[in-house]
Structures are given as structure tokens and as C-alpha cells.
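Undergrad: Below you'll find the structure I mean.
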Amino acid sequence: MIKAQQEKCDGPDGTLLPMRKAFSGTFIVSGGYNREDGNRVVGEGHADLVAYGRWFLANPDLPRRFELNALLNKYDRATFYTHDPIVGYIDYPFYENL
């Protein structure tokens, strides 16, 4: 079953936990996680790492923003896969520049 883009696979019911237990390597989750959810799944042992693809596109300083618990830039999906070399990938502001 394919999950909706905003739906996390590892919810309160721990749906990824059986795969986590069966896999002996580094376990990475992604898709719809925010700072709190990511910290929770790692802290509870449901994952080793969390990938924040869309959030990194819109927040080039994402680790710093997480550290400061700062507001995040909203990403614009319409600019993810365009031929424009400027819009979308390099035009999001750093936290210090706001």
C-alpha cells in the first residue's frame, strides 16, 4: 500500500517496528517527519536516522534551525523539479538572513 505524501509510516502504532527489528543495518525513515517526530522515532529506537528531504530543500540550515527550534521556511513543491536553475533550490533564506 502506498502512503499519502504527508503521512508518516511510523505512527503511534509503530508500523515500521517489525521491519526495524528484522533489519540489522542502519535504519533510515523519511516522509512527513518534523523535528519532534524525528526525535521521537530515534529516541524510541524505531529508527537510527531521519531523512528530511523537502525540509532541507527549503531550509539550507535545517540542523541549526532544529537546534534553535526556529521557524522553518515552507517548501514549494512546484519548484522542486523545474528547469529554472535559480528558483526553488537556492533561493530559500538562511535563518540568520531573515
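The values are calculated or read from the model by the stated rules, or taken from the named source; none is laboratory data. Keep in mind that what you see is a predicted model, and the values were worked out from it rather than measured. Positions of Cβ are backbone-derived with ideal geometry, glycine not excepted, and every protein chain shown enters the neighbour counts. Areas reflect the complete protein model, heavy atoms only, side chains present, ligands, DNA and RNA absent. Shrake-Rupley method; radii C 1.70, N 1.55, O 1.52, S 1.80 Å.
Undergrad: Looking at the structure I just gave you, is V50 surrounded by 13 or more Cβ atoms within 10 Å (Cβ to Cβ), assigned to a helix (DSSP H, G or I), β-branched (V, I, T) and at negative phi? Step through it out loud before you land on a result.
TA: On the way: surrounded by 13 or more Cβ atoms within 10 Å (Cβ to Cβ): yes; assigned to a helix (DSSP H, G or I): no; β-branched (V, I, T): yes; at negative phi: yes.
When the stated conditions are applied, V50 does not pass them.
Undergrad: Given the criteria in a helix (DSSP H, G or I), among the charged types (D, E, K, R) and open to solvent by less than 90 Å² (accessible area, probe 1.4 Å), does R40 qualify? Before the answer, list the steps.
TA: Numbers: in a helix (DSSP H, G or I): yes; among the charged types (D, E, K, R): yes; open to solvent by less than 90 Å² (accessible area, probe 1.4 Å): yes.
Answer is yes for this residue.
Undergrad: Looking at (1) open to solvent by 60 Å² or more (accessible area, probe 1.4 Å); (2) at pLDDT 90 or above, can you tell me which one R65 breaks?
TA: Of everything listed in (1) open to solvent by 60 Å² or more (accessible area, probe 1.4 Å); (2) at pLDDT 90 or above, R65 misses just condition (1).
Undergrad: Of the conditions (1) surrounded by fewer than 16 Cβ atoms within 10 Å (Cβ to Cβ); (2) over 22 Å from Y95 (Cα atoms); (3) touching a Leu at 6+ places or on another chain (Cβ under 8 Å), F56 satisfies every one except a single condition; which number is it?
TA: Evaluating F56 over (1) surrounded by fewer than 16 Cβ atoms within 10 Å (Cβ to Cβ); (2) over 22 Å from Y95 (Cα atoms); (3) touching a Leu at 6+ places or on another chain (Cβ under 8 Å) leaves (2) as the failure.
Undergrad: Name every residue in segment 43-75 that is within 19 Å of S30 (Cβ to Cβ) and charged (D, E, K, R), in order of residue number. Steps first, please.
TA: Residues of segment 43-75 that are within 19 Å of S30 (Cβ to Cβ), as a first pass: 43-60, 62-63, 65-66, 72-75.
Correct list: E44, D48, R54, R65, K74.
Undergrad: Take the residues of segment 19-30 that are surrounded by 14 or more Cβ atoms within 10 Å (Cβ to Cβ) and in contact with a strand residue (DSSP E or B) (Cβ under 8 Å, 6 or more places away or on another chain): which is farthest from V87 (Cα to Cα)?
TA: Here the answer is F27.
Undergrad: Please count how many residues of segment 68-88 are within 25 Å of D37 (Cβ to Cβ) and either open to solvent by 100 Å² or more (accessible area, probe 1.4 Å) or assigned to a loop (DSSP other than H, G, I, E, B) (or both).
TA: Looking only at that region, the number is 10.
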